[in-house]
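**Student:** Sharing a structure with you now.
The values are calculated or read from the model by the stated rules, or taken from the named source; none is laboratory data. Worth saying up front: this structure is predicted, and the values here are computed from it rather than measured. Cβ atoms come from the backbone with ideal geometry, glycine included; neighbour counts cover every protein chain shown.
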Amino acid sequence: MTAGLTLCSGIATAADAAAGKAAAQSKCVQCHEADDWEGESAASLESLIRDIVAGKVKHKSKLQLSEAEIADIAAYWGKGGK
Ligand code: HEC
C-alpha cells in the first residue's frame, strides 16, 4: 500500500485511488471536492482529465499530470472520494 507522497512513484500499472487522493489533495482540492463528481465513472473522468491535460478541454488552469496521476485521480474521484 502506498500512502502519503506517491507523486514520484513512476508509472503505475493499475490506478491507485490512494495515490489519486494524495495527488488530488495537493493539486485539485483548492477548487474541487470529490463530491463534485458524484455519479461520474472513473473511466469518464479519466478521459475528461486526459483531454484537459492535452489542452482539448478548456479548464480554469493548465493541468500538468502524468498518465499515472490522471488514472489515479480518476479512480479516487470515480469512487466518490473514498
Ligand atoms: C484554480 C481552480 C482549479 C483547480 C486548481 C483545478 N480546477 Fe478543475 N475546474 C475548475 C473550474 C472553475 C471548472 C469548471 C466548473 C466546474 O465544472 O466545476 C473545472 C472543471 C474541471 C473538470 C470538468 C471539465 C468539464 O468540461 O466538464 C475536470 C474533470 C477538472 N476540472 C479536473 C481537475 C483536476 C484533475 C484538477 C487537479 C489536477 C483540477 N481540476 C484543478 C477549477 C480548477
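**Student:** Starting from the stretch 42-69, take each residue that is under 17 Å from residue 17 (Cβ atoms) and list its partners that are within 9 Å of the ligand (Cβ to nearest atom) and among the aromatic types (Phe, Trp, Tyr), counting only C-beta distances under 8 angstrom and pairs at least six apart or across chains.
**Tutor:** 42/77; 45/37; 45/77
**Student:** With respect to residue 14, determine if the residue is at pLDDT below 95, surrounded by 15 or more Cβ atoms within 10 Å (Cβ to Cβ) and more than 9 Å from the ligand (Cβ to nearest atom).
**Tutor:** Spelling it out, it is not the case that residue 14 is at pLDDT below 95, surrounded by 15 or more Cβ atoms within 10 Å (Cβ to Cβ) and more than 9 Å from the ligand (Cβ to nearest atom).
**Student:** Additional query: Among the residues of the stretch 26-63, count how many are more than 7 Å from the ligand (Cβ to nearest atom), under 11 Å from the mean Cα position of the chain (by Cα) and part of a loop (DSSP other than H, G, I, E, B).
**Tutor:** The total comes to 1.
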